[in-house]
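Chemist: Quick one: structure below, then a few questions.
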Amino acid sequence: DGDGNLDLISASIADGKLAWYHQFIPGESFDIDEHYEFINVDIPGYANKSGFEMGKAGVLWHLNRQTGQLIRAMDTGLQNMMEIDPEKGFVRYKPEVIDAPMGSPVYTCPSTSGAKNARQMAYNPQTKAFYIPMSLNCSTRVYLAGENGELGGECCRVNMFQPNFKGMAAQVMALDVFGKTLWTYRQAAQLASPAMTTAGGLVFVRDTDRYMMAFDADNGKVLWKSPRMLTKLSGSPISYMVNGRQYVAFVTGTDAHNWISTVARELDVDSHWPQAGSGVWVFAVRQ
């Protein structure tokens with residue numbers, strides 16, 4: 001719900017009554033939210049009606065969307081904070097994270113900007129895969145005790161690369177519904193948009209270096225790269241048809257989701273986007 005409670009709530013469309021809720025990380029303490037898009041998927045030959053969500057920790061949660069029961073938790077290996085059991089889900093915070101002395105730096109992967117956040121993932125029924133824009137980041141930060149009974153806070157944050165991918169701030173990951181990695185693409189410039197996938201086997205994602213890329217959904221090959229746009233993308237790409245011709249459209253704008261921008265500026269100092277240049281860019285898909 002955005003306040004650290006991390007509940008996924010389902011309500012009846014008939015009367016609005018609570019049908020179920022699922023709390024991914026009870027007692028969440030590090031702003032590692034789990035309140036992003038929930039994608040319904042019907043898996044052929046699978047008895048349960050499925051739904052999938054991924055939040056800042058980079059864990060793909062597979063739920064029964066009719067009951068809210070966890071089916072499987074699939075950790076992509078980008079977090080060092082929690083023990084995740086595939087069958088039980090969250091088990092506990094690791095001692096080195098939760099028991100760190102007050103006032104001492106705490107090293108966490110990801111940082112509070114997350115491995116995956118408001119840059120929504122997309123699902124393609126043809127490939128039966130999720131396409132996930134991700135940030136390869138960690139940080140150190142210090143938690144301070146409050147004074148006079150007031151709640152303490154966080155200070156002195158330092159953003160840094162994931163240790164296994166130094167120099168690479170961004171990743172597009174293709175996962176199947178069982179958590180198998182189909183392909184990954186990495187680059188220095190941070191990603192700045194949700195993913196969009198099409199029935200024609202394309203995946204579109206935009207970066208902070210002001211380019212839109214089209215990937216082959218099957219293997220991750222970059223098939224097309226746009227001209228450099230005026231500033232970075234803000235919002236989701238869309239696709240539509242006019243007179244039998246397919247188009248893709250992107251909106252550019254300045255510093256939406258500023259936590260993405262903050263990490264991007266620190267980890268990829270060569271990427272630059274002007275604080276102007278809002279617009280709509282439309283491209284035709286070649287027949």
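The values are calculated or read from the model by the stated rules, or taken from the named source; none is laboratory data. Here the structure is a predicted model, which means the values were calculated and not measured. Cβ sites come from the backbone with ideal geometry, for glycine too, and all protein chains shown count toward neighbours. To get the accessible areas, we keep the full protein, side chains included, count just its heavy atoms, and leave off ligands, DNA and RNA. Shrake-Rupley method; radii C 1.70, N 1.55, O 1.52, S 1.80 Å.
Chemist: Of all residues being surrounded by 14 or more Cβ atoms within 10 Å (Cβ to Cβ) and among the polar types (S, T, N, Q) in the range 90-111, which is farthest from L267 (Cα to Cα)? Just the residue, please.
Modeler: T108
Chemist: Evaluate the following for A188: is it open to solvent by 30 Å² or more (accessible area, probe 1.4 Å), touching a Gly at 6+ places or on another chain (Cβ under 7 Å) and of a type in the set (A, V, I, L, M, F, W, C)?
Modeler: Spelling it out, A188 is indeed open to solvent by 30 Å² or more (accessible area, probe 1.4 Å), touching a Gly at 6+ places or on another chain (Cβ under 7 Å) and of a type in the set (A, V, I, L, M, F, W, C).
Chemist: Shifting gears a bit: Under the condition of being small (G, A, S) and either within 18 Å of the chain's Cα centre (by Cα) or not in a loop (DSSP other than H, G, I, E, B) (or both), which residue from the range 189-216 is nearest to M54 (Cα to Cα)?
Modeler: For the range 189-216, the residue satisfying everything is A195.
Chemist: Hey, another quick one. Could you check W259 against (1) at pLDDT 85 or above; (2) open to solvent by 30 Å² or more (accessible area, probe 1.4 Å); (3) within 18 Å of the chain's Cα centre (by Cα) and say which number it fails?
Modeler: (1)
Chemist: Let me ask something additional. Every residue in the range 219-251 that is of a type in the set (S, T, N, Q), assigned to a loop (DSSP other than H, G, I, E, B) and closer than 19 Å to N124 by Cα, please.
Modeler: Result: N219, S236.
Chemist: Under 7 Å by Cβ, and 6 or more places apart or on different chains, what pairs join a residue from the range 204-219 that is closer than 19 Å to K232 by Cα and of a type in the set (V, I, T) with one that is at pLDDT 95 or above and surrounded by 21 or more Cβ atoms within 10 Å (Cβ to Cβ)?
Modeler: V205/P133; V205/V172; V205/A195
Chemist: Here's a follow-up. Given the criterion more than 30 Å from L144 (Cα to Cα) and not hydroxyl-bearing (S, T, Y), identify the matching residue among A47, A57.
Modeler: A47
Chemist: Could you give me the residue pairs with C-beta distances under 6 Å whose first residue belongs to the range 9-27 and is farther than 22 Å from F90 by Cβ, whose second residue is of a type outside the set (G, A, S) and part of a strand (DSSP E or B) wherever it lies, and which are 6+ apart or on separate chains?
Modeler: A11/L18
Chemist: Quick test of your reading of the structure: N219 fulfils all but one of (1) surrounded by fewer than 16 Cβ atoms within 10 Å (Cβ to Cβ); (2) touching an Asp or Glu at 6+ places or on another chain (Cβ under 8 Å). Name the failing condition by number.
Modeler: Here N219 meets the rest and fails (2).
Chemist: Scanning the range 174-185 for residues that are of a type in the set (F, W, Y) and under 15 Å from V222 (Cα atoms), which turns out surrounded by the most Cβ atoms within 10 Å (Cβ to Cβ)?
Modeler: My answer is Y185.
Chemist: Filter the range 197-212 down to the residues that are open to solvent by less than 10 Å² (accessible area, probe 1.4 Å) and within 12 Å of M229 (Cα to Cα) and list them by number.
Modeler: Within the range 197-212, R206, D207, T208, M212 meet the criteria.
Chemist: Condition first: assigned to a strand (DSSP E or B), within 28 Å of T108 (Cβ to Cβ) and open to solvent by less than 20 Å² (accessible area, probe 1.4 Å). Now tell me which residues in the range 38-73 satisfy that.
Modeler: The answer is G51, F52, E53, M54, V59, L60, W61, H62, L63, A73.
Chemist: Looking at I9, I84, I13, which one is at pLDDT 95 or above and open to solvent by 30 Å² or more (accessible area, probe 1.4 Å)?
Modeler: After ruling out the rest, the residue left standing is I84.
Chemist: Please note which strands (runs of 3 or more DSSP E) are completely contained in the range 107-181 and include at least 2 residues that are within 21 Å of K232 (Cβ to Cβ).
Modeler: Once the strands (runs of 3 or more DSSP E) in the range 107-181 are filtered for at least 2 residues that are within 21 Å of K232 (Cβ to Cβ), what remains is 129-135, 153-161, 170-176.
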